[in-house]
Amino acid sequence: MPAATQKKASKPKTKTAAARKTAKTKPVAEETQQELIAEEVEVSPALPPAPVAKLKKTERPSSNAIRPIREQFDLNLIVLAGRVRSVWGNKTDVFARLSVSHRGRLIEDDDALSSYVTLRIADGMVAGTPISIQPGEALRVQGYLTHREYSETLRKFLDDAHSINFLDLVDPSDLPSWRSLSFKRQNAVMNVLSMSLLDQDCQTLAHFGEAAQQEDRVLNRANVEGIVARVWEYRHNEGVDIFTRLAVYDEHTPLDAKRDGNYGRPRRLAHYVTVRFPCGKTSSGFPVRLSPGARVRVSGELRDKGQAVTLREELLRTGMPAVAEMMGRVSNAERMSEIKNTQESLHILADAVIVYSASGGSRNK
């Protein structure tokens, strides 16, 4: 064949000019979208390139083509071992009160050296299997922390303080309003994902649920990470403790149906966990510097801390003008400062903390 009439064979191009033009006009921040467009117009080298419609300058590819970014979850892992003190039910769930030793014992007889943790066993089952549990048994449980909001009636507050006769001091016309008062409470609950029945030597008799992620001898360990929502101080005779409230976005957080998330991910409702740093330091002696919005990882033990509160403090905390007016009509106003009750607060006693830098540690939830 004459060279003049011979057509030169050319290799098929894998990307069209339209794809290159689109890639050049895309901003760097939309890198994921750019890669997707390039994939859509890519053809096999063994076939001639398929015709691709050119995009108008004012056209933008559909946002539906953007690949959603994979969700990343915060750490929320709790491992406890101790003795069951009480068991009760609420709707379909089973709750248990677990006594955990402060000195590394499976069975602790000294209440002053124990913390009490409320366990929630959803539907009375672990990993879909009905469990057996009763007071006095020794357990090892693994799960995650959530916060529980509830209301405490004024009558229960007075009963616990052995001061139900306070209602004799109020104005008779205010008595129905006093009886309807309640106080908002919040405390932590451990949700059980696995459970082992133990003998006195800490050996497993029966196991329910997923395999444990900690050593068999671990009796009290908490590892969580989240965003600092609040920081406050608690002064006592030995110094000043630093408390922080963490917003934890773990894999068990419920979806927020009212608001959309960022970058194609759903928005979630955080679990809130309280952390305490004794004297504002870690166990290694380093001072803790926290501010709202910082992201941290904390390791430590679960502890409960009782704090005395007076009836006057609780009434003023409601912030209701009608309650303040009723307080002014109590025949013996000093009695409200004398009536005290102890509020328990379950928290993590931190011995280690990692504070992530702002550039690398923030996550949009």
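The values are calculated or read from the model by the stated rules, or taken from the named source; none is laboratory data. What you see is a predicted model; the values in this text were computed from it and never measured. We place every Cβ from the backbone using ideal geometry, glycine too, and count neighbours over all the protein chains shown.
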Taking the range 111-139 only, how many residues are in contact with a His (Cβ under 9 Å, 6 or more places away or on another chain) and not aliphatic (A, V, I, L, M)? 2
Starting from residues that are under 19 Å from the mean Cα position of the chain (by Cα), crowded, with 16+ Cβ neighbours inside 10 Å and aliphatic (A, V, I, L, M), keep the ones in the range 243-292 and report whichever is farthest from Asn187 (Cα to Cα). Leu290
Of the residues Asp260, Asp256, Asp304, which is more than 15 Å from Asp74 (Cβ to Cβ), in the same structural domain as Asn191 (by TED's automatic domain parsing), out of contact with any strand residue (DSSP E or B) (no Cβ under 8 Å at 6 or more places or on another chain) and among the acidic types (Asp, Glu)? Asp260
Taking the range 139-196 and keeping only residues that are basic (Lys, Arg) and touching a residue at least 60 places away in the same chain (Cβ under 8 Å), one is left with Arg140, Arg185
When you scan the range 326-340, do you find a residue that is in contact (Cβ under 8 Å) with a residue 40 or more places away in the chain and under 29 Å from the mean Cα position of the chain (by Cα), even just one? no
Report yes if Val94 is over 20 Å from the mean Cα position of the chain (by Cα) and within 23 Å of Asp250 (Cβ to Cβ), otherwise no. yes
Of the residues in the range 261-317, those that are free of Cβ contacts under 8 Å to residues at least 60 places away in the same chain and acidic (Asp, Glu) come to Glu313
(1) outside any helix (DSSP H, G or I); (2) in contact with a strand residue (DSSP E or B) (Cβ under 7 Å, 6 or more places away or on another chain); (3) within 27 Å of Leu75 (Cβ to Cβ): which one isn't true of Val87, the others all being true? (3)
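Output the residues belonging to the range 196-214 that are touching a strand residue (DSSP E or B) at 6+ places or on another chain (Cβ under 9 Å) and either at pLDDT below 85 or closer than 30 Å to Phe243 by Cα (or both). Walk me through how you get there before you give the answer.
Start the filter on the range 196-214 by keeping residues that are touching a strand residue (DSSP E or B) at 6+ places or on another chain (Cβ under 9 Å), which leaves 196-200, 202, 204-214.
Answer for the range 196-214, where residues must be touching a strand residue (DSSP E or B) at 6+ places or on another chain (Cβ under 9 Å) and either at pLDDT below 85 or closer than 30 Å to Phe243 by Cα (or both): Gln200, Cys202, Glu210, Ala211, Ala212, Gln213, Gln214.
Mind listing just one residue for me: the one in the range 154-208 that is aromatic (Phe, Trp, Tyr) and farther than 30 Å from Leu106 by Cα and, of those, nearest to the chain's Cα centre (by Cα)?
Within the range 154-208, the first condition is being aromatic (Phe, Trp, Tyr), and the residues that meet it are 157, 166, 178, 183, 208.
Applying the additional criterion that residues be farther than 30 Å from Leu106 by Cα yields 157, 166, 178, 183.
Numbers: Phe157: 28, Phe166: 38, Trp178: 35, Phe183: 23 Å.
Going through the qualifying residues, I end up with Phe183.
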Of the residues in the range 235-246, those that are assigned to a strand (DSSP E or B) and in contact (Cβ under 8 Å) with a residue 40 or more places away in the chain number 6
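Those residues that are part of a loop (DSSP other than H, G, I, E, B) and among the charged types (D, E, K, R), I need them from the range 152-198; list them, please. Walk me through it before giving the result.
First pass over the range 152-198, keeping only residues part of a loop (DSSP other than H, G, I, E, B): 161-163, 170-171, 180-181.
The one that is part of a loop (DSSP other than H, G, I, E, B) and among the charged types (D, E, K, R): Asp171.
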Hits in the range 161-178 (condition: charged (D, E, K, R) and exposed (fewer than 13 other Cβ atoms within 10 Å of the Cβ)): Asp168
Within the range 256-307, which residues are more than 26 Å from Tyr116 (Cα to Cα) and outside any loop (DSSP other than H, G, I, E, B)? Arg268, Pro287, Arg295
Can you name the residue in the range 122-151 that is more than 23 Å from the chain's Cα centre (by Cα) and part of a strand (DSSP E or B) and is also farthest from Ala270 (Cα to Cα) among such residues? Ala138
